[in-house]
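Every read-out reported here was derived from the displayed coordinates using simple, explicitly stated rules and does not represent laboratory data. No experiment lies behind these values; they were computed from the predicted model shown. No Cβ is skipped: glycine too gets one built from the backbone with ideal geometry, and neighbour counts run over all protein chains shown.
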Amino acid sequence: MKLRYLGHSGVQLTAGEHDVLIDPFLTGNPKAAASAADLEPTHIVVTHAHGDHWGDTPDIARRSGATVVSCAEIAAHAARLGLTAHGMNTGGRHEFPFGSVRLTVAFHSSSFDDGRYGGMPNGVVIEIGGVRVYHAGDTALFSDMRLIGRLGLDVALLPIGDNYTMGPDDAIEAVKLLEPGLVIPIHYDTMPLLAQDAALFKSRVEAETSARCAPLAPGDSIDLP
Ligand code: NI
Ligand code: MN
């Protein structure tokens, strides 16, 4: 399985013929590592409706025919746009051709740019290519991350940008609860407000927890396991 970081919270997971995008915010993202027109996913997983996560989902899904996987409210919105969608809700898990998706709790908010309600925000645990990946979406630190960690996480993608989400201190606490093998920081440096020192975060993760940490520049990819 190859994990490619697209910038901000955007990630591409590929395994064989399966190509899964998470939170493809590319157009208008100054750190985007790909353009929407270059992506041909089979599925697009959306953690919540904010524009920096829903992003290019309509354009990519319309062109590629990818199935939009998200909470019921976002899936319903996608269906109204004529897209193929699969709605779920927090706590639910479903099998897809590439593996599985479980929607987890996230403490945040979720509305589309026009104010339309986006349902509850989520994190996701995705199993693909023999790897279990947790993408936290946008969230605060919460102690039930311990329960998510009990699933046995190979990779945790955690926001560290602060202001809208956890910052580095709380992300370190999250790593202690989640106990993943590998931490990849997301949702930082996209704009000056979200500036963080990823190298410092890596050194702290590896000094204060048992996880490894691999900050990825937008466009970088990593082969897993
Ligand atoms: Ni958000
Ligand atoms: Mn966000």
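Per-structure values
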{"item": "Electrostatic dipole magnitude of region 12-58 [Cβ: Lys, Arg +1; Asp, Glu -1; Cα centre; debye, to 20]", "result": "160 debye"}
{"item": "Order of SER221, SER110, SER203 - criterion: other Cβ atoms within 10 Å of each residue's Cβ, fewest first", "result": "SER203, SER221, SER110"}
{"item": "Shape of region 49-176, Cα gyration tensor, a/c cut at 1.5", "result": "oblate"}
{"item": "5 angstrom amide H check on ILE186, placed H, neighbours 5+ away", "result": "LEU158, ILE160"}
{"item": "Sorted by Cβ density within 10 Å, fewest first, the residues GLU40, GLU127, GLU95", "result": "GLU95, GLU40, GLU127"}
{"item": "Spin-label model distance (nm) - ASP114 vs SER221, 7 Å beyond Cα toward Cβ", "result": "3.5 nm"}
{"item": "Bins of 5 Å from zero: percent of alpha-carbon pairs in the chain", "result": "1, 7, 17, 21, 23, 17, 9, 3, 1, 0"}
{"item": "Mean Cα-pair separation over length for region 2-210, i.e. relative contact order, pairs under 8 Å, 6 or more apart, %", "result": "14 percent"}
{"item": "Estimated FRET transfer efficiency (SER210, GLU95; beta-carbon r; R0 30 Å; 0.05)", "result": "0.45"}
{"item": "Cβ-Cβ FRET estimate between ARG62 and ARG146, R0 fixed at 45 Å, reported to 0.05", "result": "0.70"}
{"item": "Straight-distance crosslink candidates among lysines, where the alpha carbon sits under 17 Å from LYS202 and sequence neighbours closer than 8 are dropped", "result": "LYS176"}
{"item": "Cα gyration tensor shape for region 98-143, rounded if a/c is under 1.5, else prolate or oblate", "result": "oblate"}
